[in-house]
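First comes the structure, then the notes that go with it.
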Amino acid sequence: MNIVLLGPPGAGKGTQGARIADRLAVPHISTGDLFRAMRRDNTALAVQIRSYMDRGMYVPDEITVQMVENRLMKEDARRGWILDGFPRTHAQAIALQDMLQRRRSRVDIAFHISAPTGVLLDRLAGRLVCSGCTAIYHVISKPPRREMVCDQCGDALQRRSDEDPEIVRQRLAVYAAQTEPIIDFYRAIGCLVEINGSLPLEVVERQVDEAVLSRVAISTVG
Ligand code: AP5
C-alpha cells in the first residue's frame, strides 16, 4: 500500500507515519528526517539544505524530488511505502504521479491530518525527538518512561532546531501557501482521507487504522 501524509507542522504526520509503517511492514519515508540526516554532512548540498531548513523554507523541488526518487528505488520500497511530508508543492505532486505512472503504481491513500494553529503550536512546543532513531515524544501527551531518554533505543531526546517560534510561524505560512493547494489535487484523484488531528492520540490512531483497513479490504476484494 502506498500512503501519502499531508498536514501542517505538528499535525502528527511523523507520529502516525511511523506507526502505520510498522503495522504494514513498509518503510516510513520522512523527507524531513532525510534532510535532517543530510544536513549534518560536510558538503555544499548540506550547506544549501541547512540554509532553507533554518529559515523555515522548503528545500528546492529539484533536490527534494531526486532524493525521494532515489529512496523509492530501494528494494524495501517495492511492496509499498508511507511518504511523510512529500509531496509539499504542486511540482512535487506531479513528479510523484509521473514516477508512479512509470511503475504502473498509484497513491492508495492521501491522509490530510489537520488541527487548529493553537494546537499545532502546543504540540511543537512540547515535542521531543530521539537523536538516534528519530522516535517522536511529547512532554504531556506522550512522555518517555525516563526523562529525556528514548524508550526504543536509549539515545538522548532533544528538541528540533527549527522550533524557534519565528521559524514555526514561517513554516506554517509556507505550508498554507504551497502545500494546502495540493490537498485538492488528491481530492480530485479520489484518494483523500480527512483526519481530525486535534483529537487525542488514540482517537486519531483509530481513524487512520480504519481508513487503512477499509482500503486493504477493497484491494483484497478487487
Ligand atoms: P518535517 O520534518 O517534515 O516537518 P513538518 O512538516 O513541519 O512537520 P513536523 O515534523 O514538525 O510535524 P508532524 O506533523 O510530523 O508532527 P509530529 O508527529 O512530530 O520538515 C522539516 C523541514 O524539512 C521543512 O520545513 C523543510 O525545510 C524540509 N522539507 C521536508 N520535506 C520537504 C519537502 N517535501 N519539500 C521541501 N522541503 C521539505 O507531532 C508533533 C507533536 O505532537 C509530537 O510531540 C507528538 O508526540 C504530538 N502529537 C501528535 N499527535 C498527537 C495527538 N493526536 N494528540 C496529542 N499529541 C500529539
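The numbers here are math on the coordinates, done by the rules we state, and not lab data. Please read all numbers here as calculations on a predicted model, not as lab measurements. Using ideal geometry, Cβ is built from the backbone for each residue, glycine included, and neighbour counts are taken over all protein chains shown.
Quick one: dipole size for the chain, taken about the Cα centre, charges +1 on Lys/Arg Cβ and -1 on Asp/Glu Cβ, in debye to the nearest 20. So the dipole magnitude of the chain works out to roughly 300 debye.
When all alpha-carbon pairs of the stretch 1-82 are counted, what percent fall beyond 19 Å?
Counting every Cα pair in the stretch 1-82, those more than 19 Å apart make up 42 percent.
Mind giving me the FRET efficiency for Arg106 and Ala156? R0 is 41 Å, r the Cβ-Cβ distance, nearest 0.05 is fine. In this case the efficiency is close to 0.55.
Send over the per residue convex hull volume for the stretch 4-43, Cα only, as a whole number of Å³.
Details: hull volume 3.4 nm³, N = 40.
Spread over its residues, the Cα hull of the stretch 4-43 gives 85 Å³ apiece.
Each of Leu100, Pro165, Gly190 was placed along the dipole of the chain (beta-carbon charges, centred on the mean Cα), and the one lying farthest toward the positive end is Leu100. The alpha-carbon atoms of the stretch 1-153, seen along their principal axes, cover 47, 37, 32 angstrom, with the largest extent given first.
Antiparallel DSSP bridges in the chain: what percent, to the nearest 5?
Details: 8 of 24 bridges.
Of all bridge pairs located within the chain, approximately 35 percent are antiparallel.
Taking label points 7 Å from Cα along the Cα-to-Cβ direction, Ala125 and Ser214 give a separation of 3.5 nm.
Working out 0.36 nm times the residue gap between Glu75 and Arg187, then minus their Cα-Cα distance, what length gain in nm do you get to one decimal? Could you put the intermediate results ahead of the total?
Details: separation 112, 0.36 × 112 = 40.32 nm, distance 2.96 nm.
Gain on extension, Glu75 to Arg187, equals 37.4 nm.
Taking the Cα centroid of the stretch 151-222 and of the stretch 50-76, what is the distance between the two, rounded to the nearest whole Å? Distance between centres, Cα-based: 18 Å.
So if each residue of separation counts as 0.36 nm, and I subtract the Cα-Cα distance between Arg169 and Glu202, what length gain in nm does that give?
Numbers: separation 33, 0.36 × 33 = 11.88 nm, distance 2.76 nm.
That pair, Arg169 and Glu202, stretches by 9.1 nm at full extension.
Using 0.36 nm times the number of residues separating Arg23 and Asp61, minus their current alpha carbon distance, what extension gain do you get?
Extra length available between Arg23 and Asp61 comes to 10.7 nm.
Using the count of nearby Cβ atoms within 10 Å as a rough guide to exposure, how do Ile189, Ile82 rank from fewest to most? Could you put the intermediate results ahead of the total?
Working: Ile189 13, Ile82 26.
Arranged by neighbour count, lowest to highest, Ile189, Ile82 become Ile189, Ile82.
FRET efficiency for the pair Asn42 and Met148, taken as 1/(1 + (r/R0)^6) with r the Cβ-Cβ distance and R0 = 41 Å, rounds to 0.90. Of the trypsin sites (Lys or Arg not before Pro) found in the stretch 81-178, the ones in coil according to DSSP and having at most 13 other Cβ atoms within 10 Å of their Cβ are Arg103, Arg104, Arg106, Arg145, Arg159. Could you compute how fast the stretch 76-221 diffuses translationally, taking Rh as the Kirkwood radius over C-alpha pairs and applying Stokes-Einstein at 10 °C with viscosity 1.306 mPa s? Give it in µm² per second. The estimated diffusion coefficient comes to 91 µm²/s.
Rank the residues Thr64, Thr134 as a footprinting-exposure proxy: fewest other Cβ atoms within 10 Å of their Cβ go first. All intermediate terms of the calculation are to be shown ahead of the outcome.
Values: Thr64 24, Thr134 19.
Lowest to highest Cβ neighbour count: Thr134, Thr64.
Among Leu120, Leu6, Leu192, the ranking by other beta carbons within 10 Å of each residue's beta carbon, starting with the fewest, stands as Leu192, Leu120, Leu6.
Summing charges over all other residues whose Cβ lies under 12 Å from the Cβ of Arg103, with Lys and Arg as +1 and Asp and Glu as -1, gives +2.
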